[in-house]
Amino acid sequence: MEQINNIQVVPCTSSNYLKPFRVHYSQNGTMKSWDFMRTHDSVSVLIFNTTLHCFILVKQFRPAVYMCEWEKSQAEETGSEVGEVGEVGEAAAPPEEKGDAENHPQLPPASAGVTYELCAGLVDKPHLSLEEIARQEVLEECGYDVPASKLRRITSYRSGVGVTGAKQTMFYAEVSDENRVGEGGGEPQEGELIEVVKVPLHEAMNFAYDENIPKTMGVIFSFIWFHSNMLSKYKISTNV
Ligand SMILES: Nc1ncnc2c1ncn2[C@@H]1O[C@H](COP(=O)(O)OP(=O)(O)O[C@H]2O[C@H](CO)[C@@H](O)[C@H](O)[C@H]2O)[C@@H](O)[C@H]1O
Ligand SMILES: [Mg+2]
């Protein structure tokens, strides 16, 4: 269980991960503007362990998810509406007054910010192919060593079309226990704290649609993709 405290929200004035802009443009003769964020593209990987017949997901604390819950709890506490974007910063009091779960048991538990996700990573190394980046993420986050050539491209899509428009490319990797070379868990020097989670194949569809399990769209889509494309290969032993 994560322990989150000393929360402090400050304006983000420069970042290696995102840059906000406003674009003005003319569409069919009408002047318009749009606020957007430049971010990195990304890769994600559906990992299926053929020895254990389970999917390998990662589970991690996501500050952005937690802050949505945090803002909701602040609004409930003060009786105000959940604010406009930007008000999180204004509502945030210094940590000694507000940001500490011990003094403020009404703060959401850390688990409110933990999500189940596909193994994924940012495309931030221009000299590497998407497959090579995906391979590294599988190794670092989940501890399986699979050659880039064994990664099968499922598809790509735009994530966050209203705000970032970034492209994510999804891969499928079949692994076995023999490919397991470590614990995974992410790169500690990058501050990554990742838990590797197994979802048995026969539980996957219930998992996908269970709204009590916080997860990304990638998990849901990829489980359905597996169901319609790969299931026949594994059907006999799973009775699905
Ligand atoms: N906004 C941010 N602020 C501060 N530090 C940050 C940051 N974004 C990344 N980092 C740092 O970069 C490290 C590496 O992150 P990854 O490359 O694994 O991407 P991540 O899995 O977070 O996003 C992947 O997964 C999520 C969820 O699926 C997708 O939204 C995303 O596009 C995909 O790359 C993080 O552990 C953190 O240290
Ligand atoms: Mg990641």
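Lysine pairs in the chain 8 or more apart or on different chains: how many have alpha carbons under 23 angstrom apart?
For the chain, the number of qualifying lysine pairs is 19.
Using 1/(1 + (r/R0)^6) with R0 = 22 angstrom and r between the beta carbons of Tyr234 and Val197, what's the FRET efficiency to the nearest 0.05? Each step should come with its number before you reach the end.
On the way: r = 19 Å, r/R0 = 0.88.
After rounding, the FRET efficiency stands at 0.70.
Looking only at Cα atoms, what is the convex hull volume of the range 136-195 per residue, in Å³?
Values: hull volume 6.4 nm³, N = 60.
So the per-residue Cα hull volume is 106 Å³.
Which residue, Cys119, Cys54, Cys12, has the most motion in a Gaussian network model of the chain that connects Cα atoms within less than 10 Å?
Top of the fluctuation ranking is Cys12.
What helices does the chain hold that run 20 Å or longer along their axis, going by alpha-carbon atoms, with a Kyte-Doolittle average of -0.5 or more, using DSSP H for the helix calls?
On the way: long enough: 63-78 (22 Å, -0.91).
Membrane-span-like by this criterion, though nothing is claimed about a membrane: none.
Once you keep just the Cα pairs under 8 angstrom separated by 6 or more residues, what percentage relative contact order results for the chain? Walk me through the numbers on the way to the answer.
Working: 398 pairs, mean separation 61.8, N = 240.
Taking the mean separation of contacting Cα pairs over the length of the chain, I get 26 percent.
Between Cys54, Ser26, Gln106, whose Cα lies farthest towards the positive end of the dipole of the chain when Lys and Arg beta carbons carry +1 and Asp and Glu beta carbons carry -1, centred on the Cα centre?
Of Cys54, Ser26, Gln106, it is Ser26.
Suppose every K and R has +1 on its Cβ and every D and E has -1 on its Cβ; what is the size of the dipole of the range 137-240 about the Cα centre, in Debye to the nearest 20? Spell out each step's value before the answer.
Working: 10 positive and 15 negative charges, 156 e Å.
Its charge dipole is roughly 740 debye.
Taking all pairs of distinct Cα atoms, average 1/r, flip it, and tell me the Kirkwood hydrodynamic radius of the range 179-240 in Å to one decimal place.
13.8 Å
For labels at Leu52 and Val23 in the simple 7 Å Cα→Cβ model, what's the distance in nm?
4.3 nm
At what distance in nm do the modelled label points of Cys68 and Gln106 sit from each other, each positioned 7 Å from its Cα along Cα→Cβ?
Label-label distance for Cys68 and Gln106, simple model: 2.2 nm.
Enumerate the amide H contacts of Phe171 below 5 Å, restricted to partners 5 or more residues apart or on another chain; note that Pro and chain-start residues carry no placed amide H.
Ser44, Val45, Leu46, Ile154
With +1 on the Cβ of every Lys and Arg and -1 on the Cβ of every Asp and Glu, and nothing else charged, how large is the dipole of the range 99-178 about its Cα centre, in debye rounded to the nearest 20? Let's see the in-between values first.
On the way: 7 positive and 13 negative charges, 123 e Å.
It comes to approximately 600 debye.
What ratio of Cα Rg to 2.2 N^0.38 Å holds for the chain?
Working: Rg = 20.3 Å, N = 240, 2.2 N^0.38 = 17.7 Å.
Expressed relative to 2.2 N^0.38 Å, the Cα Rg reads 1.15.
Hey, could you get me the Stokes-Einstein D for the range 1-73, Kirkwood radius over alpha-carbon pairs, 4 °C and 1.567 mPa s, rounded to whole µm² s⁻¹? Mind showing how you got there, number by number?
Details: Rh = 17.2 Å.
After rounding, the answer is 75 µm²/s.
What is the magnitude of the charge dipole of the chain about its Cα centre, with +1 placed on the Cβ of each Lys and Arg, -1 on the Cβ of each Asp and Glu, and no other charges, expressed in debye to the nearest 20? Walk me through the numbers on the way to the answer.
Numbers: 20 positive and 34 negative charges, 289 e Å.
Once rounded to the nearest 20, the dipole reads 1380 debye.
What's log10 of I(q)/I(0) for the range 109-240 at q = 0.15, 0.17, 0.18, 0.22 Å⁻¹, Debye sum over Cα points only, no solvent?
-0.85, -1.12, -1.26, -1.72
Towards the positive end of the charge dipole of the chain, with charges on Cβ (+1 Lys, Arg; -1 Asp, Glu), say which of Ala148, Val10, Ala64 has the farthest Cα.
Value: Ala148.
All of the numbers you see were taken from the coordinates with simple rules; none came from a lab. Quick caveat: nothing in here was measured; it's all calculated off a predicted structure. Using ideal geometry, Cβ is built from the backbone for each residue, glycine included, and neighbour counts are taken over all protein chains shown.
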